[in-house]
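Read through the structure below, which is laid out as structure tokens, and then see the notes.
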Amino acid sequence: MVAPAQSGGSPGLSQAPDTADQRWTPRLILSLASIVLVLEMLAISYMMISMAMPSISAHYQTTQGAWLLTAFLLVGAMTAPLIGKLADMYGKRKLLLACIAISAVGSLVSAVASSYAIMLTGRALTGLLVPCLFLSYSLIRDVFPSKTVALAVSIATSGMGLIAIPAPFITGWLIDNHGFRSIFWFFVIGLVVLGGLIALTTDESPVRLRSRLDVLGAVLLGAGIAGILIGISMGPSWGWKSGSTLTYLLGGVALVVAWLVTAGTVKEPLIDLKVLRQRSVAFTATAAGCMYGVSGLFTMLLPMLAMTPAIMGLGYGFGVDAEGFAIFQAPIGAMTVIGGLIVGMLVGRNVRPRLLLAAGAVSAALGCALTAFSHDSKGTLIVFAGLVGLGMGLGYAAIPNLLIEAVPPQLQASTASIVGVFQSVFPAALPVIAFTVMNNSYIAPIPPEMTQGYVFYTDKGFQVAFLIAAVAAVACLLAALALPRRIEQVKIESIEPEMVPVD
């Protein structure tokens, strides 16, 4: 167990947010804006690299372009538990700034890379943007005035949808006018500026966890997550029965099981299993994984459906380009932000985040199901996409608010890191499941000379894929309903907040 920590209250120690000025100030607004923009950089990273991938693959003459996406997600997920623990021990702001700095260095490495291996190394380092999500709302919980926390956390987590609207235009302009390297310079400049703003405007958390670092646990869990993600990501290309796929998947599972065994025996584990076993935490993590899985799959399917030329005669498709797709992307981004604002305002008025998460799951499930059965009209498709976006916003914002209710401050980042792992693994797994089904049964019988190397799916295939997304949203709903009606903060023996001097 963690040794008892000392309570704050002596001169020179930062006070809890409840005693702070409860008003929004210019400094507080700038702090939140800086955090939101960092998370926007995370949100558009996948999109920008996906659009630049053909140019990158051609320049380096590689067929392994997919690793630019896989390496980013992989490093982010496998390092999250360790970063969460370090944040609880040494300060959430310190770790947030460290992750931003390393991500900026990674983007710089990619920008000047002379080989694809160096490019991939830089991209892997940039994966440390992934833990910034849970570090941000954990830090907000500790340093923002208590009356502003719910709204600030909701804006930070749901505002990520807004940048998706102009992102295709920004990306296209950068690549067309300055080449693919400009994408990475964009990240370098943006991260350096935003990291500096956070350093200037955001206080360090005074809450610390007095503990030792479980190095063995960090290695076992990180390697296990890596093995599972590699197996899931590469399974479609390697083959699900191939030795490589099975080795990574089974090896990853075995390492996670080994971590669970060691976590139950060591005195100060990387993640306290007593916390993870709590109903409020376990079902929040499950719901989070499902909601982010729905988001990942829906936002992957929608552009494929909308950009398919109607002339193909498949019963769907409008033949729009990347700019034309903005009319479908805009409602998702806008409704995601609106959903987050709704959560922030209602939680501040004592509406339980559990109910808002359930409402988000219903909205996302409805949007996915309606899209499955009716996707031949732009107008209805835009409305259905908006329903999914609203569900995403409600879910994105409700999840951190649930964790804030359930977990004590000194365990916030380490617990949120495991939820972050769920938010990475589910979006990686759900599209694999959907496309495995589509590739096995629903490839459109079109002559090869008409496809130009692309794979097209039947209308029934998209129907099945969107229904898979709807089922995941229903699973999120069930997890939300399984949460306690009134969540009480987890109480762990002999753990108390330690307040440390901050500038």
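Count of the range 265-279 residues, restricted to those that are within 20 Å of the chain's Cα centre (by Cα) and part of a helix (DSSP H, G or I), is 1. Checking Val383, Val419, Val343, Val362 one by one, the residue that is under 30 Å from Gly227 (Cβ atoms) and out of contact with any strand residue (DSSP E or B) (no Cβ under 6 Å at 6 or more places or on another chain) is Val419 and no other. Of all residues in the range 202-234, exactly one satisfies the criterion of being more than 27 Å from Phe422 (Cα to Cα) and open to solvent by 40 Å² or more (accessible area, probe 1.4 Å), namely Asp203. In the set (1) surrounded by fewer than 24 Cβ atoms within 10 Å (Cβ to Cβ); (2) farther than 17 Å from Val294 by Cα, the condition left unmet by Ala372 is number (2). The single condition from (1) open to solvent by less than 30 Å² (accessible area, probe 1.4 Å); (2) assigned to a helix (DSSP H, G or I) that Gly317 fails is (2). Every listed requirement among (1) under 23 Å from the mean Cα position of the chain (by Cα); (2) closer than 22 Å to Leu139 by Cβ; (3) among the hydrophobic types (A, V, I, L, M, F, W, C) is met by Leu213 save one, (1). Taking the range 386-486 as the region of interest, the helices (runs of 4 or more DSSP H) fully inside it that hold 3 or more residues being open to solvent by less than 30 Å² (accessible area, probe 1.4 Å) are 412-441, 459-482. Which residues, counting only those in the range 382-404, are farther than 17 Å from Met300 by Cβ and among the β-branched types (Val, Ile, Thr)? Scanning the range 382-404 gives Ile382, Val383, Ile399, Ile404. When each of Thr262, Thr299, Thr336, Thr286 is tested for being open to solvent by less than 10 Å² (accessible area, probe 1.4 Å) and either among the β-branched types (Val, Ile, Thr) or assigned to a helix (DSSP H, G or I) (or both), the lone residue that passes is Thr336. For the subset of the range 118-129 comprising residues that are among the hydrophobic types (A, V, I, L, M, F, W, C) and more than 16 Å from Phe180 (Cα to Cα), which member is nearest to the chain's Cα centre (by Cα)? Among them, the one singled out is Leu129.
Checked against the criterion of being in contact with an Asp or Glu (Cβ under 7 Å, 6 or more places away or on another chain) and within 23 Å of Arg141 (Cβ to Cβ), the range 187-205 contains one or more residues that satisfy it.
The requirement of being of a type outside the set (A, V, I, L, M, F, W, C), over 18 Å from the mean Cα position of the chain (by Cα) and open to solvent by 10 Å² or more (accessible area, probe 1.4 Å) is fulfilled nowhere in the range 69-82; no residue meets it.
Of note, Ala199 satisfies the criterion of being surrounded by fewer than 17 Cβ atoms within 10 Å (Cβ to Cβ), aliphatic (A, V, I, L, M) and not in a loop (DSSP other than H, G, I, E, B). In the range 265-286, the residues that are closer than 17 Å to Ile404 by Cβ form Cβ pairs under 6 Å with partners that are aromatic (Phe, Trp, Tyr) and open to solvent by 30 Å² or more (accessible area, probe 1.4 Å), at six or more places apart or across chains, as follows: Ala285/Phe422.
The values are calculated or read from the model by the stated rules, or taken from the named source; none is laboratory data. Worth saying up front: this structure is predicted, and the values here are computed from it rather than measured. FYI the Cβ positions are ideal-geometry reconstructions off the backbone, even for glycines, and counts take in every protein chain you see. Accessible surface is based on the protein model in full, side chains and every heavy atom, while ligands, DNA and RNA are left aside. Shrake-Rupley method; radii C 1.70, N 1.55, O 1.52, S 1.80 Å.
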